[in-house]
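The values are calculated or read from the model by the stated rules, or taken from the named source; none is laboratory data. For clarity, every value in this text was computed on a predicted model and none was experimentally measured. Note that each Cβ is placed from the backbone with ideal geometry, even for glycine, and that neighbours are counted across all protein chains shown. The accessibility values were calculated without ligands, DNA or RNA, using every heavy atom of the protein model including side chains. Shrake-Rupley method; radii C 1.70, N 1.55, O 1.52, S 1.80 Å.
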Amino acid sequence: KNQVEQSPQSLIILEGKNCTLQCNYTVSPFSNLRWYKQDTGRGPVSLTIMTFSENTKSNGRYTATLDADTKQSSLHITASQLSDSASYICVVRGNNFNKFYFGSGTKLNVKP
Amino acid sequence: DSGVTQTPKHLITATGQRVTLRCSPRSGDLSVYWYQQSLDQGLQFLIQYYNGEERAKGNILERFSAQQFPDLHSELNLSSLELGDSALYFCASSVVGQGEAFFGQGTRLTVV
C-alpha cells in the first residue's frame, strides 16, 4: 500500500532555532516529492520539489533532502521565524498518472 | 496567488441541504483534484479529473459528486449534508507531466 508518514506530528521550537521534519514513504514507483507549507485555514504552498536524482534542494531557510534508496526525506528549517508556524506536508507523486500521496503533516509552532 | 480560484470562500448551510463548490484551475492545467480537510486533520483526497474525465477516486462519499466542464472548471456537489461534512475543501490543479499541484485557498463549509 502506498503511504507517506511524517514525524513528528507536532513540534514546538523557540524563534531562531533550527529544526528538522521527517517524511518516510512507500510509494512506488516514485516520481517526485514535494514539501508544502500550509498556514492555518489557507491552501498549501509548495516549498521544494525533488525528483529521484536530486539529494538536496534549498529554498531560502528551507533545505530538503531526499534518499530515494531508503525512501526518506527531511525538511530542515534554519533560524526559525514566528512566520514559520504552520503545518508542513510531504507529498509524494507516484508514476501512475498524476496521483499524489499526502502525509498527515507536521504542525510546527515557533515561539518567541 | 496560486492561480487556482475557489468560490465561495465560506459557506454555512443546514443539515440535509445540498451545496456546490466551484474551482477554476490555473490557465492550462488539465488536472483538477479535490481534497477535504477536517479540523486539525490532514488533507484527504476525494477525486481527480483530467480534461473532463474522472481519473481517480479517493475516500469520496456517495453523497458527494464532482464534474469537470469543457472550460476545465470543476464543481464539487455535496448533498444530504451532515454535521461531519464541515471542513475545508481544497481544489488543486496541475499540468500533466509536471510535479507540482497548485492549491486554491479553499472553501470553508460549516454545516449547522
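Can you give the accessible area per residue of chain B, in Å², using a 1.4 Å probe?
Dividing the accessible area of chain B by its residue count gives 48 Å².
So what's the convex hull volume per residue for the Cα atoms of chain A, in Å³?
That works out to 92 Å³ per residue.
Pop out a list of residues from region B:68-112 that are at least 40 Å² less accessible with all the protein chains around than in their chain alone; 1.4 Å probe, no ligands or nucleic acids counted.
When all protein chains are present, B:Gly99, B:Glu100, B:Phe103, B:Gln105 each give up 40 Å² or more of accessible surface.
In angstroms, what radius of gyration and Dmax does the protein assembly as shown have, counting Cα atoms only?
Here Rg and the maximum Cα pair distance are 17.4, 50 Å.
Highest mean first, what order results for A:78-88, B:83-93, B:34-44 on Cβ atoms within 10 Å?
B:83-93, B:34-44, A:78-88
Is there a simple number for the mean count of other chain Cβ atoms within 10 Å of the Cβ of residues in A:31-40, and what is it?
So the per-residue partner count for this stretch is 2.
Tell me which residues come under 5 Å, amide H to amide H, from B:Thr5 once H is placed; ignore anything under 5 positions away on its chain.
For B:Thr5, whose amide H was placed from the backbone, the distant partners under 5 Å are B:Ser24.
By average Cβ neighbour count within 10 Å, what is the ranking of B:1-12, A:15-26 from highest down?
Order by mean packing, descending: A:15-26, B:1-12.
Tell me which residues come under 5 Å, amide H to amide H, from A:Glu15 once H is placed; ignore anything under 5 positions away on its chain.
Here A:Lys111 satisfy the definition.
If you put +1 on each Lys and Arg Cβ and -1 on each Asp and Glu Cβ, how big is the dipole of the protein assembly as shown around its Cα centre, in Debye rounded to 20?
Charge dipole of the protein assembly as shown: 220 debye, to the nearest 20.
Relative contact order of chain B, please, whole-number percent, based on alpha carbon pairs below 8 angstrom and at least 6 residues apart.
38 percent
Over region B:33-76, what is the mean sequence separation of C-alpha contacts under 8 Å (at least six apart), divided by residue count, expressed as relative contact order in percent?
Relative contact order of region B:33-76: 28 percent.
Mind listing the lone cysteines of the protein assembly as shown, meaning no other Cys beta-carbon sits under 4.7 Å from theirs?
So, A:Cys19.
Could you give the Stokes-Einstein D for chain B in µm² per second, using the C-alpha Kirkwood radius, 4 °C, 1.567 mPa s?
For these conditions, the coefficient is 94 µm²/s.
Report the A-B buried area as the accessible area lost on both sides summed, probe 1.4 Å, in Å² to the nearest 100.
Separately minus together, A and B give about 1700 Å² buried.
For region B:1-66, which GluC sites (Glu not before Pro) are in a loop by DSSP, counting at most 11 other Cβ atoms within 10 Å?
Answer by residue number: B:Glu62.
Do any residues of region A:71-95 lose at least 20 Å² of accessible area when the full set of protein chains is present rather than just their chain alone, and if so which, with a 1.4 Å probe?
At a threshold of 20 Å² (probe 1.4 Å), the residues of region A:71-95 that become less exposed are A:Arg93.
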